[in-house]
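Below: one structure, written as structure tokens.
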Amino acid sequence: MTRLIVWRHGNTDWNAANRVQGQTDVPLNELGRDQARAAAPLLAALRPDAIVASDLSRAAETAAALAALTGLPVRADARLRERHFGQWQGLHLTEVAERFPEEYARWRAGDPDPGTDLEPLHDLGERVGAALQDAADAARGGTVVIATHGGGSRQGIGRLLGWDTAVLRTVGSLANCHWTELRHDDVRGWQLRAHNVGLITAAVAVDAV
């Protein structure tokens, strides 16, 4: 059984301001660093065999909190970057709605390729999904923690599970520093075992055991 823990990065100032980050390299803020330090012991308790991260600093910093506890190196993989949001990157969502009303409406409605140079969801899923699969293949039978991004992780996970975009729209977004757990075996393939797990939900699960 191979286990993937797909971990969204901690909070940034652009998260807090509702500003489109995409592939802009925005670092964690103090809250984000606190979130990563708080989550790291829970993930370390899973005894990961490897840590892989997007090369954007907010994901790399998040992964570093776990690396500090486990002693494991962090392998960077640029394929784990967030969706490229084209002309929207750096804009507040209200600015996007004002400047690109048609494309914004299509994006809100779930159009996988709404225009304005946004990376199509199919391409995003293929890119991130390949990185997740490669990380799993490199640690067969082990546990890998992947520090990445909210939108990218959703599409990459969907690629592994074989879910289309309509199904993925029914799955809630990962909160900052929360994670999804996937497991793979040779009989059933990839399975979703947990979603949007964080400090509080993980503590409740432990108490229930």
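The rows are residues; the columns are (1) more than 21 Å from H178 (Cβ to Cβ); (2) within 20 Å of the chain's Cα centre (by Cα); (3) of a type outside the set (F, W, Y).
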{"position": "A44", "(1), (2), (3)": "no, yes, yes"}
{"position": "A53", "(1), (2), (3)": "no, yes, yes"}
{"position": "A63", "(1), (2), (3)": "no, yes, yes"}
{"position": "H92", "(1), (2), (3)": "yes, no, yes"}
{"position": "E126", "(1), (2), (3)": "yes, yes, yes"}
{"position": "A130", "(1), (2), (3)": "yes, yes, yes"}
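Do you know which residues across the range 62-89 are surrounded by fewer than 20 Cβ atoms within 10 Å (Cβ to Cβ), in contact with a Gly (Cβ under 8 Å, 6 or more places away or on another chain) and not in a loop (DSSP other than H, G, I, E, B)?
G86 - this is the single residue of the range 62-89 that is surrounded by fewer than 20 Cβ atoms within 10 Å (Cβ to Cβ), in contact with a Gly (Cβ under 8 Å, 6 or more places away or on another chain) and not in a loop (DSSP other than H, G, I, E, B).
Is there a residue being under 30 Å from H92 (Cα atoms), surrounded by fewer than 20 Cβ atoms within 10 Å (Cβ to Cβ) and of a type in the set (K, R) anywhere in the range 25-37?
yes
Being touching a His at 6+ places or on another chain (Cβ under 9 Å) and open to solvent by 40 Å² or more (accessible area, probe 1.4 Å) is the filter; apply it to the range 90-122 and report the residue that is farthest from T2 (Cα to Cα).
By that ranking, first place goes to D117.
Within the group A50, A40, A45, A63, which residue is free of Cβ contacts under 8 Å to residues at least 12 places away in the same chain and closer than 30 Å to G189 by Cβ?
Values: A50 fails: free of Cβ contacts under 8 Å to residues at least 12 places away in the same chain; A40 fails: free of Cβ contacts under 8 Å to residues at least 12 places away in the same chain; A63 fails: free of Cβ contacts under 8 Å to residues at least 12 places away in the same chain.
Within the list A50, A40, A45, A63, the selection yields A45.
Search the range 191-202 for residues that are at pLDDT below 95 and pair each with any residue that is aromatic (F, W, Y) and assigned to a helix (DSSP H, G or I) when their beta-carbon atoms are under 6 Å apart and the residues are at least 6 apart or on different chains.
none
Does the range 94-110 hold any residues that are without any contact (Cβ under 8 Å) to a residue 24 or more places away in the chain and under 20 Å from the mean Cα position of the chain (by Cα), and which are they?
Result: W107, R108.
Counting only residues that are in a loop (DSSP other than H, G, I, E, B) and among the aliphatic types (A, V, I, L, M), how many does the range 43-61 have?
Number satisfying all stated conditions: 3.
In the range 134-151, which residues are buried (at least 16 other Cβ atoms within 10 Å of the Cβ) and in contact with a strand residue (DSSP E or B) (Cβ under 9 Å, 6 or more places away or on another chain)?
Within the range 134-151, the subset buried (at least 16 other Cβ atoms within 10 Å of the Cβ) is 135-136, 139, 143-151.
Matches in the range 134-151: A135, A136, A139, T143, V144, V145, I146, A147, T148, H149, G150.
Filter the range 15-30 down to residues that are part of a helix (DSSP H, G or I) and in contact (Cβ under 8 Å) with a residue 40 or more places away in the chain and give me whichever is farthest from H178 (Cα to Cα).
Of all residues in the range 15-30, those part of a helix (DSSP H, G or I) come to 15-17, 30.
Those still in the list that are in contact (Cβ under 8 Å) with a residue 40 or more places away in the chain too: 15, 17.
Details: N15: 14, A17: 19 Å.
Top of the filtered list is A17.
The values are calculated or read from the model by the stated rules, or taken from the named source; none is laboratory data. Quantities reported herein were computed from a predicted structural model and do not represent experimental measurements. Cβ coordinates were reconstructed from backbone atoms using ideal geometry, including for glycine residues, and neighbour counts include every protein chain displayed. For the accessible areas, the whole protein counts, side chains as well, though only heavy atoms, and no ligand, DNA or RNA atoms are used. Shrake-Rupley method; radii C 1.70, N 1.55, O 1.52, S 1.80 Å.
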